[in-house]
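Before any comments, here is the structure.
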Amino acid sequence: MDVAPYLDTLLLLLVTVAAIKDLESRRIPNRLLLAGLSGALVLHLLSPHPLDALLAALGGFSLGLAVLLPFYLLRGMAAGDVKMMATVGAFTGAGDALHIVIVAWCVGGVMALVIIIVNGRLRLAMSNLWAMLRPMLLRLPRGFTPGVDGYRSAGSIPYGVAIAAGTIVHLVGRYGPTPLG
């Protein structure tokens, strides 16, 4: 049985609900991600080559986790976003997950820039960026930031929306636009 259309439909449903939840409450429910992951694993088991499908799912899950985990550890991203990308990777496999995460980075960057500008925090964002890059650019000892007690956030974004957008762009690219008529 070809499970790809079912995987893609379930994935589209998952990222849509996750994006809506992220916009509503700035949280992506663990139960939603666990249900999506369970559905992906069951569908992979029903595929013609279940072992290959499960290994691809493991690779995608691992890539999604590994690529975004450093941002969580640096407090630049929430855990739900990392878990969402890992779950998306379990649906798609590593190669497609990498494509999705790159598109999500682009979408997230645009979202962040718009939010920073709309909220009038561009100067604060540039100041934070300079404080982070200054030691490296000026070859100062690591952690040397005179006059900086800590960073004030210039804002945050619902990154689940960026992951959903990356996933949708990927799926549209896979199926392509269909001609009308």
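See the values below:
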quantity: The range 82-105, residues that are among the aliphatic types (A, V, I, L, M) and either touching a residue at least 60 places away in the same chain (Cβ under 8 Å) or surrounded by fewer than 24 Cβ atoms within 10 Å (Cβ to Cβ) (or both); calculated: Val82, Met84, Met85, Ala86, Val88, Ala94, Leu98, Ile100, Val101, Ile102, Val103, Ala104
quantity: Residue, farthest from Ala78 (Cα to Cα), within the range 1-27, restricted to residues that are among the charged types (D, E, K, R) and surrounded by fewer than 13 Cβ atoms within 10 Å (Cβ to Cβ); calculated: Asp2
quantity: Scan of the range 85-139 for residues that are part of a helix (DSSP H, G or I), farther than 30 Å from Gly36 by Cα and of a type in the set (Gly, Ala, Ser), ordered by number; calculated: Ala125, Ser127, Ala131
quantity: Pick from the range 156-175, criterion within 18 Å of Gly76 (Cα to Cα) and surrounded by 15 or more Cβ atoms within 10 Å (Cβ to Cβ), ranking: modelled with the lowest pLDDT; calculated: Ile157
quantity: Extreme residue, farthest from the chain's Cα centre (by Cα), among residues of the range 75-126 that are of a type in the set (Lys, Arg) and farther than 23 Å from Leu43 by Cα; calculated: Arg123
quantity: Inter-residue pairs, beta-carbon under 8 Å, first of a type in the set (S, T, N, Q) and in the range 4-21, second surrounded by 15 or more Cβ atoms within 10 Å (Cβ to Cβ), 6+ apart; calculated: Thr16/Ala164
quantity: Total residues in the range 1-22, condition in a loop (DSSP other than H, G, I, E, B) and not aliphatic (A, V, I, L, M); calculated: 1
quantity: Any hit, the range 40-57, residues being surrounded by 14 or more Cβ atoms within 10 Å (Cβ to Cβ), within 19 Å of Ile163 (Cα to Cα) and either of a type in the set (Lys, Arg) or out of contact with any Lys or Arg (no Cβ under 8 Å at 6 or more places or on another chain) (or both); calculated: yes
quantity: Residues (buried (at least 18 other Cβ atoms within 10 Å of the Cβ) and either modelled with pLDDT of 70 or more or closer than 30 Å to Leu10 by Cβ (or both)) located in the range 116-155; calculated: Ile116, Ala125
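The values are calculated or read from the model by the stated rules, or taken from the named source; none is laboratory data. As the structure is a computational prediction, the values presented were derived from the model and not from experiment. For neighbour counting, all protein chains shown are included, and Cβ atoms are generated from backbone atoms with ideal geometry for every residue, glycine included.
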